[in-house]
Structures are given as structure tokens and as C-alpha cells.
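Visitor: Take a look at the following structure, please.
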Amino acid sequence: MWKCPKCQREFYKYKQSHSCVSYPIENHFKNKPESKALFDELVGKIEKKIGEVKIESLQCCIHLVSNYTFSGVWILKDRIRLDFRVNYPIQSERIVKEEKLSINRNLYYLEIKDKKDIDKEILKWIEDSYHLKK
């Protein structure tokens, strides 16, 4: 792991390109109590069922980090958008967007609108992303 000497963020890649600008996490949740509750539920379930999560608040989104950034979360008015990477294809109506990153990596986006959406299927995908580089 490489740690940026300026912002102290840790990266899997040596001298990873990034922004050192910090952004208060509470700014993401202004006037968005439903989204805050969904975010807290998501992080709580990840920590309970998968492992420890480090939260990095950036101006664009919130990164969820294990030994690398395994997910990005965008806080919307009444829901959250989540991305994650896995090394296999996913065919699901829950996926709102996908990108082929390489021959062995796929990036998927989904939206969580209710706490019940954070179920075994989503947690399995997140777990696979969490452990992808271990």
C-alpha cells in the first residue's frame, strides 16, 4: 500500500493519481435523511457480514475501502447509487449500468431505494468486490 504524504489516503498503486481535497461527509447528506439512513444501513451490513470498512468522503462521492476502494456511493435525494467491481459477468435487472474495465473486471452500478434492497444478492456482489484484490 502507498500512502499519499499530503492527504494520508492509502492506495493499492504506488503514487496513484488522485485529488487530495477533503470533503466533509455530512455535506453529502444535507436535506437527504432517507439517503443517510440507507447509507448507514449499507455500511452497517457490510461491516457486520463482510468486514471492516474505511470511509473516504470525496466531493464527487463516498469511497468504501478495504485494502483498496471496492465501492463508490453517490448520495441522491431519496436513494443511493452504488458501484462495485467483480471478475465475472452479472445479469440482473437491478444493475442500472455496466462497464467492461478489462478482460477480468466488470464495473456495475445499482440503486438502493429501500433498506430491504440491501439483501443477500447485493451483499454477495459487494463481498466479492471487497475481496477482489486480496
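None of the figures in this text is laboratory data; all of them are computed from the coordinates on show. Bear in mind the structure is a predicted one, so any value in this text is a computation, not a measurement. Neighbour counts are summed over all protein chains in view; Cβ atoms, including those assigned to glycine, are modelled from backbone coordinates with ideal geometry.
Visitor: For segment 84-90, take each phi angle, set θ = phi - 60°, evaluate the Karplus expression 6.51 cos²θ - 1.76 cosθ + 1.60, and give the result in whole Hz per residue in order, putting x for glycine and proline.
Guide: 7, 10, 9, 9, 8, x, 10
Visitor: Quick one: Karplus J couplings for segment 19-31, per residue in order, coefficients 6.51, -1.76, 1.60, θ = phi - 60°, nearest Hz, x for Gly and Pro?
Guide: Couplings: 9, 8, 5, 8, 9, x, 4, 5, 5, 5, 9, 4, 6 Hz.
Visitor: So, one more: With the chain treated as a Gaussian network of Cα nodes joined by springs under 10 Å, which of Lys116, Lys77, Lys36 yields the largest mean-square fluctuation?
Guide: Looking only at Lys116, Lys77, Lys36, the biggest GNM fluctuation is shown by Lys116.
Visitor: Let me ask something else. If the cut-off is 22 Å between C-alpha atoms, which lysines fall inside it for Lys133, apart from same-chain ones fewer than 8 positions away?
Guide: Answer for Lys133, where 22 Å is the Cα cut-off: Lys3, Lys13, Lys15, Lys45, Lys48, Lys49, Lys54, Lys100, Lys120, Lys124, listed by chain and number.
Visitor: Let me know the Kirkwood hydrodynamic radius for segment 70-109, please, with Cα pairs as the basis and the value in Å to one decimal.
Guide: Radius from the Kirkwood sum: 10.8 Å.
Visitor: Taking DSSP loops as anything outside H, G, I, E and B, show the longest stretch in the chain free of chymotrypsin sites (Phe, Trp or Tyr not before Pro) there with at most 15 other beta carbons within 10 Å.
Guide: My reading of the result: 15-134 is the longest stretch.
Visitor: Per DSSP helix of 4 or more residues, -39500 (n - 2.57); summed, then divided by the residues of the chain. What does that give at 222 nm, rounded to the nearest 500?
Guide: -7000 deg cm²/dmol
Visitor: Continuing with the same structure: Using DSSP to define loop residues, name the GluC sites (Glu not before Pro) in segment 33-131 whose beta-carbon has at most 13 other beta-carbon atoms within 10 Å.
Guide: Hits after loop and neighbour filter: Glu52, Glu93.
Visitor: Does the chain come out rounded, prolate or oblate by the C-alpha gyration tensor, with a ≥ b ≥ c the root eigenvalues, rounded set by a/c under 1.5 and, if not, prolate when a/b is larger than b/c and oblate if not?
Guide: Oblate.
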